[in-house]
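See structure below.
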């Protein structure tokens, strides 16, 4: 099995690692606009050799794990070059514009639109880890647009990797993911910003920070190269979630100002049911 | 050594566990307004026996780990009952009102105002864990108001438990802790609320949540009984931090609306330095 991974970072690299374990005969070909990343991936044994455009023609699987703005731009060119038996899988955190970019492409049936919901706040080939995707949800969009045999090939891989599959429309994906992923990242970045701004004047502040702060601010370590185009592509949904979040914070603040601590208690008590909800979420240990 | 722990939950229970390990001859006496908690703590072996008011007279150390509103109310009564050699240590997340409540107490010198910055989102005796405090910061306020010999006794315990000590004034403590702890909790509670409100209509949403969401929303599992009085006692500082946080979120939203994605990139890039800052924070593993 010949697998080409375009974009050898945390996501693509972790795919490569799992594939090498699961398919002993697989050869992994890597492509990255950053040469040093590609060399690093080869040194780390994540990738067997460098791929060029011709490698795409006879690849069984192509995994495209690059920032979503580049994805929208490059996906049609990648599809141009693949063979009839190649399935191209993306891992973009948005789905509407990506599906739209190839909607009328003559090789649309070679593409399977995916969003494996897994990751850490780290990036680059050295961040790739084994079994990142085990037990995680993989959202597949417009499955009916992909050739049946190629769906099957991809699903076999996902199943071996231990992913849970959910099928959604691109619009619904982008709307929901804004709540459970994009908003978390913004709340974390802005929390980090608020505290850093304070720290300019108050040097001791971080000595007082505990694991609670560390946990809420973890996502503020994430890569701006990856996240800027996500927010851009999902602009309207992100603005809507932010609006609701700000409104909730405003009303919490007003309750404190009005000394309505019974209201404050109830707000927190009602939100405690997140415990039960979170029990269903598989955690990344690292 | 006779130790009385008033309030046998996560905080008091974890103190008790460490003390039993570090001082083989120590006997732990427990007091809790919740009888079933006290029985549970005895069954779990965290506490040796139930304490009554008379137990306070000849205690070496009294640890008071109860919600901060009850603390302000009960601390003078506790001090009334302790002996000359007893050091009373609190673990409240606010310090100004607590120090004020005993400022003119005839036994003020028996009290050491502390805030060990450690915890998890769980509560009750079963949440108590070994070495919760190892490597964590313990803020001590108004140390000069405590009798020298009693300071020494408490510091020996903290040192054995592996805590890092920082000395601060109560006002400075309350101001800074609003940023690195209280704000994190509110941002997390409101994130949980925003997503739960959405989920009423969209049942699938939580299937899409990954470890990023889990991490930012973890603190929304925290106890409203503990946190309501903290926000009440630290009302002004909390409102100020919330104001700044909301302002930062508003300006991020406006940048997205204005398609200023260079600005968005810079915001995230500048906040990435939280990585270096967080490297100094000891983590709770559990």
Among the candidates B:182, B:176, residue that is part of a helix (DSSP H, G or I), under 16 Å from the mean Cα position of the chain (by Cα) and at pLDDT 95 or above: B:182
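Counting only residues that are more than 16 Å from residue B:227 (Cα to Cα) and within 24 Å of the chain's Cα centre (by Cα), how many does the stretch B:51-72 have?
Total satisfying the criteria: 8.
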Within the stretch A:115-163, the residues that are surrounded by fewer than 16 Cβ atoms within 10 Å (Cβ to Cβ) and over 27 Å from residue B:278 (Cα atoms) are A:134, A:135, A:144, A:145, A:148, A:149, A:152, A:156, A:159, A:160, A:162
Which number in (1) facing chain A (nearest Cβ under 7 Å); (2) without any contact (Cβ under 8 Å) to a residue 60 or more places away in the chain; (3) closer than 12 Å to residue A:193 by Cβ marks the one condition that residue B:214 misses? (3)
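Any chance the stretch B:156-163 includes a residue that's under 20 Å from residue B:238 (Cα atoms), in contact with a strand residue (DSSP E or B) (Cβ under 6 Å, 6 or more places away or on another chain), away from chain A (no Cβ under 12 Å) and in contact (Cβ under 8 Å) with a residue 12 or more places away in the chain?
Among the residues of the stretch B:156-163, not one is under 20 Å from residue B:238 (Cα atoms), in contact with a strand residue (DSSP E or B) (Cβ under 6 Å, 6 or more places away or on another chain), away from chain A (no Cβ under 12 Å) and in contact (Cβ under 8 Å) with a residue 12 or more places away in the chain, which makes the answer no.
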Sort out which residues of the stretch B:185-203 are modelled with pLDDT under 85, part of a helix (DSSP H, G or I) and within 7 Å of chain A (Cβ to nearest Cβ), and write them in order of number. B:198
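Going by what's in this entry, would residue B:87 be described as in contact (Cβ under 8 Å) with a residue 24 or more places away in the chain, within 27 Å of residue B:232 (Cβ to Cβ) and surrounded by 15 or more Cβ atoms within 10 Å (Cβ to Cβ)?
no
The values are calculated or read from the model by the stated rules, or taken from the named source; none is laboratory data. All figures in this text were calculated on a predicted structure; none of them were measured in a lab. Quick reminder, even Gly has a Cβ in these numbers, built from the backbone with ideal geometry, and neighbours come from all protein chains shown.
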